[in-house]
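Just so it is clear, none of the values below were taken in a lab; they were calculated from the coordinates. Small disclaimer: the values here were computed from a predicted structure and weren't measured. Glycine gets a Cβ as well: all are built from the backbone with ideal geometry, and neighbour counts include every protein chain shown.
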Amino acid sequence: MIAMLRRRNNNANPLRSLVYVSDLKLQVLAEQIPVRVRRDIAAELKLDFKLVSLTLSSPAIGKSLPGEGRIAKLALVEEHMKRSGQIGGLDAKLGYFEALAEMDWAPLDEKTVLFCGFIDGLLLALGGSVSHLLGEPPTEAQIGSQPYSIRAAIHGAGAPRAADLGRDLLSAASAIRVTPQPVRTLASVIARGALPKGSPTKEYLLGTPIYVEKISELDPG
């Protein structure tokens with residue numbers, strides 16, 4: 001299932017085709033934005049400030065208005081992070097990064113979904129909770145986004161503690177990446193490192209997304 005939500009831009013189709021959203025991450029990040037800053041951003045983006053405030057203060061209201069509350073918090077958080085310089089690029093070693101890439105995705109187990117793509121000589125992999133895929137039922141224990149869960153899902157059951165993350169990521173990407181589609185994502189860095197010799201790319205970046213959305217083409221504008 002894909003949620004079509006409005007995006008502030010100048011395109012003829014101002015809708016966001018979100019396929020993955022971590023409402024928990026959005027809530028935690030939005031709560032840290034000072035009220036004055038929230039009000040200013042909401043006014044500039046023409047967001048409903050009362051709705052934002054209600055969904056932040058009351059989880060019950062947020063659940064009753066999942067679409068409206070989600071897109072308002074997403075716009076608020078993304079704009080604040082951009083203004084405060086918190087979003088880096090694919091060379092980020094820590095913190096958050098934004099990327100445009102052709103990616104494919106599939107669950108690795110009942111908890112973790114993996115998005116995979118190759119861009120600018122880099123294997124980009126994003127691990128998250130299956131329950132954050134729009135259309136999947138929510139769960140109380142959203143542990144699929146945790147680094148230890150992502151690593152365990154990538155390595156597979158019974159893998160030794162010293163398993164090669166780059167090798168296993170490359171293997172997972174080869175299996176998953178069948179029908180890649182252009183997407184935009186905002187994610188946080190988990191790890192980056194070298195891929196085995198002879199690989200089509202030399203390095204990987206593993207992150208966990210706040211959101212992933214389908215886009216019509218890889219155009220940064």
* Asked: Right, ALA92: in contact (Cβ under 8 Å) with a residue 40 or more places away in the chain and either of a type outside the set (Asp, Glu) or loosely packed, with under 14 Cβ neighbours inside 10 Å (or both) or not?
  -> yes
* Asked: Does segment 188-203 hold any residues that are on the phi < 0 side of the Ramachandran plot and either out of contact with any Asp or Glu (no Cβ under 8 Å at 6 or more places or on another chain) or not in a strand (DSSP E or B) (or both), and which are they?
  -> SER188, VAL189, ILE190, ALA191, LEU195, PRO196, LYS197, SER199, PRO200, THR201, LYS202, GLU203
* To do: Could you check, for segment 164-172, whether at least one of its residues is loosely packed, with under 15 Cβ neighbours inside 10 Å and part of a loop (DSSP other than H, G, I, E, B)?
  => no
* If you scan segment 98-153, which residues turn out to be over 12 Å from the mean Cα position of the chain (by Cα) and acidic (Asp, Glu)? -> GLU102, ASP104, ASP109, GLU110, ASP120, GLU136, GLU140
* **Count of segment 67-88 residues which are in a helix (DSSP H, G or I), among the small types (Gly, Ala, Ser) and within 15 Å of the chain's Cα centre (by Cα)** => 1
* Asked: Got a sec? Which of LEU165, LEU218, LEU169 is touching a residue at least 24 places away in the same chain (Cβ under 8 Å), aliphatic (A, V, I, L, M) and closer than 25 Å to LEU26 by Cα?
  -> LEU218
* Filter result for ASP120 (over 18 Å from GLU213 (Cβ atoms) and of a type in the set (Asp, Glu)) -> yes
